[in-house]
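Asker: Let me begin by handing over the structure; questions about it come next.
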Amino acid sequence: MKLLEHKVALITGASRGIGEAIAIKFAEQGATIAFTYLSSEERAKTLEEKLAGYGVKAKGYKSDAGDYKAAEQLANDVMKEMGTIDICVNNAGISRDNLLLRLTPEQWDEVMQANLKSVYNLTRQVIKPMMKARSGSIINLSSIVGVKGNPGQSCYAASKAGIIGFTKSIAQEIGSRNIRVNAIAPGFIETDMTHYLKDGGDKWFEKIPMHRFGKVEEVANVALFLASGLSTYVTGQVISVCGGMNT
Ligand code: NAP
């Protein structure tokens, strides 16, 4: 028996990086997959085909995670086409790194909307079917930067710290309904988002006890644990996947 058989998972921002790895991992374990993207149409089509190769139903939706109305429409569409939503992974995110004196109000708003408001937008929708089913797992992608801070990333860090406060609050609000809400705090993971750090090589490795960047599959494995019946008494937690950076 696969870990996510008969479950429907909605994953935001799965056309690339960590979201894509989570979609593949969940499909391998038998879940029906609904995923979103913002502009990567081609990659989304390719992923749809790849996921179908695991024998599961899978569909990509173009939907801006930062837009409340779009999140409402998305949840309605997924409910109509997939029947329910058992697992929601709020993964979509962006970074706009700048020292505070150069950080513009537009950059601040853009990051807050895509990273933090997005989590509110979709969580508010998916708890409705989950409350009805008296079961559900919501997984929010925070960051080690939201736990520790990082120079040049004040607004990204604030958005990711906000996700932690949100996660812990909602876990307390709806724990009695058997809906679990947890956050993952990755360290430096090899994706497009961290591509520019690679030139810094050893400088970054010195900050990481395991002396390497993480792989998307290593984050996806923790998401699988949180999505599945392996974690039925785990809620309100922030799990670091950071090669020991948070020690
Ligand atoms: P990535 O490679 O840059 O991919 C970002 C994904 O999010 C893409 O699929 C992108 O879609 C989608 N996206 C961006 N804005 C969106 C929006 N407004 N609406 C819908 N989709 C949107 O990022 P990643 O490195 O995989 O990161 C995934 C999550 O993990 C993010 O929340 C990030 O902050 C967090 N995280 C990453 C790291 C790391 O080291 N990589 C560390 C800590 C936390 P398109 O392809 O269509 O643009």
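Asker: Please list 3J(HN,Hα) in residue order for region 220-233, calculated via the Karplus relation 6.51 cos²θ - 1.76 cosθ + 1.60 where θ = phi - 60°; whole Hz, with x for glycine and proline.
Answerer: Per-residue couplings from phi come out as 4, 4, 6, 4, 4, 4, 5, 7, 9, x, 6, 10, 5, 10 Hz.
Asker: May I ask for the Kirkwood hydrodynamic radius of region 1-108, worked out over all distinct Cα pairs and given in angstroms to one decimal? List each step's numbers first, then the result.
Answerer: Working: mean 1/r = 0.0690 Å⁻¹.
This gives a value of 14.5 Å.
Asker: Along the Cα→Cβ direction, 7 angstrom out, place labels at S135 and E28. What is the inter-label distance in nm?
Answerer: According to this spin-label approximation, the distance is 2.4 nm.
Asker: As an exercise, use a Förster radius of 51 Å and the Cβ-Cβ distance of E72 and T247 to find the FRET efficiency, rounded to the nearest 0.05. Could the numbers behind the result be given before it?
Answerer: Working: r = 41 Å, r/R0 = 0.79.
Efficiency computed from Cβ-Cβ geometry: 0.80.
Asker: Starting from the 7 Å offset along Cα-to-Cβ, what nm value, one decimal, do you get for the label separation of Q172 and K2?
Answerer: 3.8
Asker: Let me ask something else. Can you tell me the mean projection area, over all orientations, of the convex hull of region 85-193's alpha carbons? Units nm², please.
Answerer: Working: hull surface 27.4 nm².
Over all viewing directions, region 85-193 projects a mean Cα-hull area of 6.8 nm².
Asker: Of all the accessible heavy-atom surface of region 121-205, with the other protein chains kept in place and a 1.4 Å probe, what percent is carbon and sulfur?
Answerer: 51
Asker: Rounded, prolate or oblate: which fits region 147-231 when a ≥ b ≥ c are the square roots of the eigenvalues of the alpha-carbon gyration tensor, with rounded for a/c under 1.5 and prolate only if a/b beats b/c?
Answerer: Details: a/c = 3.05, a/b = 1.67, b/c = 1.83.
Taking the square roots of the gyration eigenvalues as a ≥ b ≥ c, region 147-231 is oblate.
Asker: Whole percent per 10 Å bin, from 0 to the bin with the longest distance: what is P(r) over all C-alpha pairs of region 39-82?
Answerer: Bin by bin from 0 Å, the calculated values are 26, 46, 27, 1.
Asker: Right, something else. For K80 and L230, what is the calculated FRET efficiency with R₀ set at 35 Å and r taken between the beta-carbons, to the nearest 0.05?
Answerer: Numbers: r = 30 Å, r/R0 = 0.86.
Computed FRET efficiency for K80 and L230 comes out at 0.70.
Asker: Between region 159-228 and region 80-95, how many Å separate their Cα centres?
Answerer: Here the two parts' Cα centres lie 17 Å apart.
Asker: What are the semi-axes of the equivalent ellipsoid of the chain, taken as the square roots of 5 times the eigenvalues of the Cα gyration tensor, listed largest first and rounded to whole Å?
Answerer: Values: eigenvalues 147, 75, 70 Å².
Largest first, the chain gives 27, 19, 19 Å.
Asker: Tally Lys and Arg at +1 and Asp and Glu at -1 over the other residues with C-beta under 15 Å from the C-beta of I208: what net charge comes out?
Answerer: On the way: positive: K148, K198, K203, K207, R212, K215; negative: E190, D202, E206, E218.
Taking every Cβ under 15 Å from that of I208, the sum is +2.
Asker: If you roll a 1.4 Å probe over the heavy atoms of the protein chains, what accessible area per residue do you get for the chain, in Å²? Walk me through the intermediate numbers first.
Answerer: Numbers: 11850 Å² over 247 residues.
So the chain comes to 48 Å² accessible per residue, rounded to a whole number.
The values are calculated or read from the model by the stated rules, or taken from the named source; none is laboratory data. The model shown is predicted, which means the values in this text are computed figures rather than measured ones. Cβ coordinates were reconstructed from backbone atoms using ideal geometry, including for glycine residues, and neighbour counts include every protein chain displayed. Areas reflect the complete protein model, heavy atoms only, side chains present, ligands, DNA and RNA absent. Shrake-Rupley method; radii C 1.70, N 1.55, O 1.52, S 1.80 Å.
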